[in-house]
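Just so it is clear, none of the values below were taken in a lab; they were calculated from the coordinates. Just so you know, these numbers come straight off a predicted model, no measurement behind them. Methodologically, a virtual Cβ is constructed for each residue, glycine included, from the backbone with ideal geometry; neighbour enumeration extends over all protein chains shown.
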Amino acid sequence: MPEDDTQGEKNFFTDTPATTDAFFLKGAGSYDWGMKNRLARIFRPESGRTVMLAFDHGYFQGPTTGLERMDLTIVPLAPYADALMLTRGALRSTIPATHTGGIVMRASGGPSILKDLSNERIALDMEDAARMNVHAVAVQVFVGGEHETQSVENMTKLIDLGYRFGIPVLGVTAVGKELTRDARYLGLATRICAELGAQFVKTYYVDEGFDRVTAGCPVPVVMAGGKKLAELDALTMAYRAIQEGAAGVDMGRNIFQSESPEAMIQAVARVVHEDARPEEAYELFQELAREQVPA
Ligand code: R5P
């Protein structure tokens, strides 16, 4: 038996009401603690934004340029990312278990670049996701694609399972050759993901009307990177997306295919978390890149 708790006077601070903090992420106020906690491992509570490093490309296109040896090219970048977007194969084979940053895991797959990419199935058991301590799972949604309904069903099944485990789902809006990449289409696709329960959505930046895409989506929108651009152009795209309402970026090739990936990811973080203008971030990129070149 513990001793009687009779020492001193108890203090219940009866004059101080208990606080109930509002959660910092758009649309997330009513989620359970575990789901909020996982989202706070992806999005920095101080800025409400995230820099995700995407390197899940191998799940449909094999050893992508820059990802031939993820142990050599990606592991050194991991400390600079708020979250890594990857496959479970990459996590277990390559990422040290001492990694403490966010993990967003690819949960759909099936077809390779040799086939119709929209014909995906769920490719990850949510119990295994929980076993690996992931903070969210990502699923591709092909609105307007050949297998639109199947891909939407993949997402809704993962969302239902995600609620059992407190694991959020990232809906990734895929664009295909046959789909127009404009604000009208991306507004449709992101809204469908959010309405059906995705806790955050990834979509591409468009020059016209991106602010309407983010405003019309009731959950955070993260900007997708896309094909490799010149560093200043990629930083400009990230800057515009953030200023037009994105809650972060999920960039792959524009970071790991950069001439200086470590410098680039730090420059992107400056844009995302500190609202740095592209020119300022590019200066940082050049400065860091110079420091990293062996003498
Ligand atoms: C895109 O939706 C897929 O998840 C890709 O494998 C990856 O995330 C794309 O990254 P990036 O286009 O920035 O190289």
(message) Once you compute Rg and the Kirkwood Rh from C-alpha atoms, what is the Rg to Rh ratio for the stretch 102-177?
(response) 0.98
(message) Give the aspartates and glutamates whose C-alpha is closer than 17 Å to that of Lys157, dropping any in the same chain fewer than 8 places away, or say none.
(response) Glu120, Asp125, Glu127, Asp128, Glu148, Glu195
(message) Are there any trypsin sites (Lys or Arg not before Pro) in the stretch 111-159 that are in a DSSP loop and have at most 10 other Cβ atoms within 10 Å? List them by number.
(response) Lys115
(request) Evaluate the relative contact order of the chain (contact order divided by residue number), counting alpha-carbon pairs under 8 angstrom at least 6 apart; express in whole percent. (result) 16
(request) Inverting the mean 1/r over all pairs of different Cα atoms, compute the Kirkwood radius of the stretch 33-223 and quote it in Å. (result) 16.8
(message) Considering only C-alpha atoms, what is the centroid distance from the stretch 1-65 to the stretch 177-216, in Å?
(response) 26
(message) So for the stretch 1-121, considering every pair of alpha-carbon atoms, how many percent are separated by more than 22 Å?
(response) 55
(request) Could you work out which residue, out of Ile103, Ile255, Ile192, moves most in a Gaussian network model of the chain, that is, has the largest mean-square fluctuation with Cα springs under 10 Å? (result) Ile192
(message) Can you give me the C-alpha center-to-center distance between the stretch 68-147 and the stretch 222-239, rounded to a whole angstrom?
(response) 21
